[in-house]
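Below: one structure, written as C-alpha cells.
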Amino acid sequence: MGKYIELTPANFEEVTKEGVSMVDFWAPWCGPCRMIAPVIEELASDFEGKANICKVNTDEEQDLAVKYGIRSIPTILFMKNGEVVDQMVGASSKQAFTDKINSLL
C-alpha cells in the first residue's frame with residue numbers, strides 16, 4: 001500500500017522535480033485538513049508508481065509555505081516536473097483530486 005511522502009526543504013525539489021506531484025499543505029490543528037487526511041492516504045495508494053502524493057506540515061515547514069505563497073490551509077498544489085500547474089484551496093472530494101491528478105498524467 002502506498003504512503004504519502006512528507007516533504008521538507010531537504011527533499012521537496014528532489015521529490016517534485018519529475019512527473020506529477022500533489023502537495024497538501026496542512027497543519028495538525030486544521031479541521032478541514034484532518035477531514036481530507038484519509039483521502040490523501042487513499043490517493044497515495046491509488047496513484048502509487050504514477051504520481052507523488054505529498055504533505056507539508058506548515059507548522060514545521062513555514063519556509064516552504066512562504067515560498068509557495070500558502071495563505072490558507074488546506075492548499076493543495078499540483079505540480080508537473082517541478083512547476084506548479086494548478087492548486088485547490090480548502091477541502092475537496094476524492095474524485096476532484098483524482099480528476100485533477102489524472103488530467104496531468
Number of the condition not met by ILE36 [criteria: (1) in contact with a Lys or Arg (Cβ under 6 Å, 6 or more places away or on another chain); (2) closer than 16 Å to GLY90 by Cβ]
(1)
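Let me confirm something: among LYS50, LYS3, which residue is open to solvent by 10 Å² or more (accessible area, probe 1.4 Å), modelled with pLDDT of 95 or more, among the basic types (Lys, Arg) and in a loop (DSSP other than H, G, I, E, B)?
Of the residues listed, the single one that is open to solvent by 10 Å² or more (accessible area, probe 1.4 Å), modelled with pLDDT of 95 or more, among the basic types (Lys, Arg) and in a loop (DSSP other than H, G, I, E, B) is LYS50.
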Return the pair list, or none, for Cβ contacts closer than 6 Å from residues in region 38-65 that are under 21 Å from GLU13 (Cβ atoms) to residues that are of a type in the set (S, T, N, Q) and open to solvent by less than 10 Å² (accessible area, probe 1.4 Å), at least 6 apart or on different chains.
ASN52/SER21; CYS54/SER21
All conditions in (1) in contact (Cβ under 8 Å) with a residue 12 or more places away in the chain; (2) in a helix (DSSP H, G or I) are true of SER72 except (2)
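If we scan region 23-37, do we find a residue that is in a strand (DSSP E or B), hydrophobic (A, V, I, L, M, F, W, C) and open to solvent by less than 10 Å² (accessible area, probe 1.4 Å)? Spell out how you get there, then give the answer.
The initial filter retains those residues of region 23-37 that are in a strand (DSSP E or B), namely 23-26.
Now drop any that are not hydrophobic (A, V, I, L, M, F, W, C), which leaves 23, 25-26.
Among the residues that remain, those that are also open to solvent by less than 10 Å² (accessible area, probe 1.4 Å) are: 23, 25.
Checked against the condition, which is being in a strand (DSSP E or B), hydrophobic (A, V, I, L, M, F, W, C) and open to solvent by less than 10 Å² (accessible area, probe 1.4 Å), region 23-37 yields at least one hit.
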If I filter region 6-22 down to residues being not in a loop (DSSP other than H, G, I, E, B) and not hydroxyl-bearing (Ser, Thr, Tyr), which single residue comes out as farthest from VAL89 (Cα to Cα)?
GLU14
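Mind checking which residues of region 71-88 are among the β-branched types (Val, Ile, Thr) and touching a Ser or Thr at 6+ places or on another chain (Cβ under 7 Å)?
Correct list: ILE73 only.
The values are calculated or read from the model by the stated rules, or taken from the named source; none is laboratory data. Since the structure is predicted, the reported quantities are computational estimates derived from the model, not experimental observations. Cβ atoms come from the backbone with ideal geometry, glycine included; neighbour counts cover every protein chain shown. To get the accessible areas, we keep the full protein, side chains included, count just its heavy atoms, and leave off ligands, DNA and RNA. Shrake-Rupley method; radii C 1.70, N 1.55, O 1.52, S 1.80 Å.
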